[in-house]
Amino acid sequence: MNESRKMAPVLMAEDDADDRMLVEKAFLENRVANPLVTVANGAELLDYLYKKGKYFEAVHPCFIILDLNMPKMDGREALKIIKDDEKLRKIPVVIMTTSKAEEDVLVSYAVGANSYITKPMTFEGLVKMIKTLKDYWLEIVELPVCPGDYSHSWRE
């Protein structure tokens, strides 16, 4: 694995505090070395990615876990902004949502989502899903490195 990818965080946008906590526990259970950074909605996700406000020292994520149904700005709108931005579009985005609506699946992929996963109903299912994400996104695939390394701004 690329050394800089080991240090890059996984960024999760999820409005449900219980879901954020369960994903954090699933990361620990799977011994994911990458830090998990969480935000509560699409607006905070974009603030993080554009290093605005309290996120001025944000580190480029290796991938994003994105819920679709959130307040302020939902995941659909945030996904479109990310994939329309030349500097952000390379970041893999995994949709993780309760929605099984065919329209959500089709629109997510049409806009540029890299994966679409329905949230597991059990903690055991979540642990298994996080292991799969870890194995695939952090161990198997080769991801592009954005301009510079992960310690520099990708907005340059």
Out of all the residues in the stretch 65-87, is one or more touching a strand residue (DSSP E or B) at 6+ places or on another chain (Cβ under 9 Å), outside any helix (DSSP H, G or I) and in contact (Cβ under 8 Å) with a residue 60 or more places away in the chain? yes
I need a count of the residues in the stretch 118-133 that are open to solvent by 40 Å² or more (accessible area, probe 1.4 Å) and not in a loop (DSSP other than H, G, I, E, B). 6
Among the numbered criteria (1) surrounded by 16 or more Cβ atoms within 10 Å (Cβ to Cβ); (2) under 15 Å from the mean Cα position of the chain (by Cα); (3) more than 20 Å from LEU138 (Cα to Cα); (4) at pLDDT below 95, which single criterion is violated by SER99? (2)
Do we find that GLY148 is surrounded by fewer than 16 Cβ atoms within 10 Å (Cβ to Cβ) and modelled with pLDDT of 95 or more in this structure? no
Residue pairs meeting the criteria (Cβ under 6 Å; at least 6 apart or on separate chains; first farther than 18 Å from MET73 by Cβ, in the stretch 15-41; second open to solvent by 60 Å² or more (accessible area, probe 1.4 Å)): ASN30/LYS131; ALA33/LYS6; LEU36/GLU24
Based on this model, can you work out whether SER108 counts as part of a helix (DSSP H, G or I), touching a strand residue (DSSP E or B) at 6+ places or on another chain (Cβ under 8 Å) and polar (S, T, N, Q)? yes
How do the pairs read when you match residues in the stretch 109-123 that are within 14 Å of PRO92 (Cα to Cα) with residues anywhere that are open to solvent by 40 Å² or more (accessible area, probe 1.4 Å) and outside any helix (DSSP H, G or I), using Cβ under 8 Å and keeping only pairs 6 or more apart or on different chains? GLY112/ARG89
Every residue in the stretch 47-59 that is modelled with pLDDT of 95 or more and open to solvent by less than 20 Å² (accessible area, probe 1.4 Å), please. TYR48, LEU49
For the stretch 30-40, does any single residue satisfy the condition of being of a type in the set (A, V, I, L, M), modelled with pLDDT of 95 or more and in contact with a His (Cβ under 9 Å, 6 or more places away or on another chain)? no
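The values are calculated or read from the model by the stated rules, or taken from the named source; none is laboratory data. The shown structure was predicted, so the numbers you read here are calculated from the model rather than taken from an experiment. All Cβ positions, even for glycine, are placed from backbone atoms using ideal geometry, and neighbour counts span all protein chains on display. All accessible areas refer to the heavy atoms of the entire protein, side chains included, with ligands and DNA or RNA removed. Shrake-Rupley method; radii C 1.70, N 1.55, O 1.52, S 1.80 Å.
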